[in-house]
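The values are calculated or read from the model by the stated rules, or taken from the named source; none is laboratory data. This structure is a prediction, so every number in the text was calculated from the model and none was measured. Please note: Cβ atoms are built from the backbone with ideal geometry, for glycine as well, and neighbour counts cover all protein chains shown.
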Amino acid sequence: MARLILLNKPYDVLCQFTNGEGRPVLADFVCEKGVYPAGRLDRDSEGLVVLTDDGKLQARISDPRHKLEKVYLAQVEGVIAEAALERLRRGVDLKDGPTLPAGARRVDTPEWLWPRVPPVRMRKTVPDGWIELTLREGRNRQVRRMCAAVGLPCLRLIRWRVGDWTLEGLAPGEMRRV
């Protein structure tokens, strides 16, 4: 039977097990051997990382051909206009080509949100808010690039859900076996 682990990856942790060159890595939070992340999450992003020892499951989760939904919460800088959300919903042209249409909606600051260390740098004269993005592909830094393309630079990014698995009940650095 395949092992499946959900980890709430903290900010500034590399999504790899070794060679962190002094930076924290997944091995600092996951003590089980032989499991690997199904997909990546950038060092400056937080949230759900699914780990497994099943190569086929890992491919099904991370391969864009399977179009497994991933839900992100992004704190963005600027006024979140409906026109920007509509552009995200239609798909955005990036340097590596157009994205697939995404689910995009404005949301309130999550009630369960933990403080980030270090805190997000805020500007008193520029508003910020939160959007929820649902993607079915996974390019390098895609959410950040999509937000920037519609004029909403990303201040903080948290992956909330991968398929049916969510972060619910997991504090930063905590893991749960499924």
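When Leu94, Leu113, Leu57, Leu133 are checked against the criterion of being of a type in the set (A, V, I, L, M) and over 24 Å from Glu174 (Cα atoms), Leu94 stands alone in meeting it. Can you tell me which residue within region 123-178, out of those that are of a type in the set (D, E, K, R) and assigned to a helix (DSSP H, G or I), is surrounded by the fewest Cβ atoms within 10 Å (Cβ to Cβ)? Checking each candidate, the answer is Arg145. Remark: Thr99 matches the filter, which requires a residue to be of a type in the set (Ser, Thr, Tyr), closer than 26 Å to Cys15 by Cβ and not assigned by TED's automatic domain parsing to the domain that holds Gln58. Listed by first and then second residue, the pairs linking a residue in region 134-159 that is closer than 21 Å to Arg60 by Cβ to a residue that is of a type in the set (Lys, Arg) and in a loop (DSSP other than H, G, I, E, B), with Cβ atoms under 7 Å apart and 6 or more places separating them unless they lie on different chains, are Arg136/Lys67. Pairing residues of region 86-103 that are free of Cβ contacts under 8 Å to residues at least 24 places away in the same chain with residues that are among the hydrophobic types (A, V, I, L, M, F, W, C) and in a strand (DSSP E or B), at Cβ distances under 9 Å and at least 6 apart in sequence or on separate chains, gives Glu86/Ala104; Arg89/Ala104. I'd like to know if region 104-115 contains one or more residues that are more than 17 Å from the chain's Cα centre (by Cα) and either exposed (fewer than 12 other Cβ atoms within 10 Å of the Cβ) or assigned by TED's automatic domain parsing to the domain that holds Glu82 (or both). Yes, because at least one residue in region 104-115 is more than 17 Å from the chain's Cα centre (by Cα) and either exposed (fewer than 12 other Cβ atoms within 10 Å of the Cβ) or assigned by TED's automatic domain parsing to the domain that holds Glu82 (or both). Filter region 29-66 for residues that are assigned to a helix (DSSP H, G or I) and modelled with pLDDT of 95 or more and give the result. Once the filter is applied, which keeps residues that are assigned to a helix (DSSP H, G or I) and modelled with pLDDT of 95 or more, region 29-66 yields nothing. Of the residues making up region 114-164, those that are basic (Lys, Arg), at pLDDT below 95 and under 19 Å from His66 (Cβ atoms) are Arg136, Arg139.
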